[in-house]
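Some notes on the structure that comes next.
The values are calculated or read from the model by the stated rules, or taken from the named source; none is laboratory data. What you see is a predicted model; the values in this text were computed from it and never measured. Positions of Cβ are backbone-derived with ideal geometry, glycine not excepted, and every protein chain shown enters the neighbour counts.
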Amino acid sequence: MSKGTLIIISGPSGSGKDTVMKELFKLMPELKFSISSVSRAMREGEVQGEKYNFISRDEFLKMIENNDLLEYNEYCGNFYGTPIKPVNDCIENGQEILLELDVNGAYNVRKKCNDCFSIFIMPPSFEALKARLVSRGTETAEAIEKRLKAAKDEIERAGEYDYIVVNNVLSETVADIATIIKSERMKSDRVSVTL
Ligand code: 5GP
């Protein structure tokens, strides 16, 4: 059986990537999603086990100690990590699994995996990103400041990615990402040719 592919998606907080991904999964339901373990508090509207498994800092440290994570990073004071087993299972089953990671996590996964590609979702402008973060109303003013600073650092590293998609119009962003995924599927080293 052919091995699966890791698809890394990053984008600063406020780039609209959650909405983009929701729409992408509607369009491409065959894609799997890696549910991250995180030590941050659950936001209003978030559901345990949907996008994240919310765990304590101690539980997270145990996962690190037990080598249960493919990668992890501390972002704005909280731990975020990718459990390794579901990723390995998808790869073994020849499936595509989407990993939403910050830039450091993306860097670490790229170094480890031999069949992956990465997409950076860029906000249309810094002002748009700030406006989204503020209007979301899920973070304190201090947390927003931290995230804006992190966003600047992340945008500076967008060139590390295979693709950059500017999230101007949601439907176009989703269609562009679907096109990238479909094109990647047709790469000659992923297609086994038999007549
Ligand atoms: P948020 O708190 O806004 O949900 O996520 C903060 C940042 O953590 C985002 O950039 C998001 O992409 C990133 N992130 C989410 N899950 C993971 C993960 O498993 N590993 C890493 N390294 N970053 C993650």
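For segment 123-155, a residue qualifies if it is crowded, with 16+ Cβ neighbours inside 10 Å and more than 13 Å from the ligand (Cβ to nearest atom), and exactly one does: Lys130.
Just one of the listed residues (Cys113, Cys90, Cys76) is hydrophobic (A, V, I, L, M, F, W, C), on the phi > 0 side of the Ramachandran plot and either surrounded by 14 or more Cβ atoms within 10 Å (Cβ to Cβ) or more than 11 Å from the ligand (Cβ to nearest atom) (or both), namely Cys76.
Anything in segment 26-43 that is within 27 Å of Ser125 (Cβ to Cβ) and within 13 Å of the ligand (Cβ to nearest atom)? List them, or say none. Before you say what the answer is, go through the steps one by one.
In the first step, residues of segment 26-43 are kept if they are within 27 Å of Ser125 (Cβ to Cβ); the result is 26-27, 40, 43.
If the condition is that a residue be within 27 Å of Ser125 (Cβ to Cβ) and within 13 Å of the ligand (Cβ to nearest atom), then Arg40, Arg43 are the ones that fit.
Please identify the pairs in which a residue from segment 171-189 that is of a type in the set (Ser, Thr, Tyr) has its Cβ atom under 8 Å from the Cβ atom of a residue that is assigned to a loop (DSSP other than H, G, I, E, B), counting only partners at least 6 apart or on another chain. Taking only residues 6 or more apart or on different chains, the pairs are Thr173/Gly16; Thr173/Asn167.
For Glu23, state whether it is at pLDDT 95 or above and more than 8 Å from the ligand (Cβ to nearest atom). Give the steps one after another, and end with the answer.
Details: at pLDDT 95 or above: yes; more than 8 Å from the ligand (Cβ to nearest atom): yes.
Yes; evaluated as a whole, the condition is true for this residue.
For segment 30-39, the criterion of being in a loop (DSSP other than H, G, I, E, B), modelled with pLDDT under 95 and closer than 24 Å to Asn168 by Cβ is met by no residue.
Apart from one condition, Gly49 fits all of (1) farther than 20 Å from Glu139 by Cβ; (2) within 9 Å of the ligand (Cβ to nearest atom); the exception is (2).
Condition check ((1) at pLDDT below 95; (2) within 15 Å of the chain's Cα centre (by Cα); (3) assigned to a helix (DSSP H, G or I)) across all residues:
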| site | (1), (2), (3) |
| --- | --- |
| Ala151 | yes, yes, yes |
| Glu172 | no, no, yes |
| Lys182 | no, no, yes |
| Val191 | yes, no, no |
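Collect the residues in segment 44-96 that are closer than 21 Å to Lys111 by Cβ and of a type in the set (Gly, Ala, Ser), keeping them in residue-number order. Within segment 44-96, just Gly81 meets the criteria.
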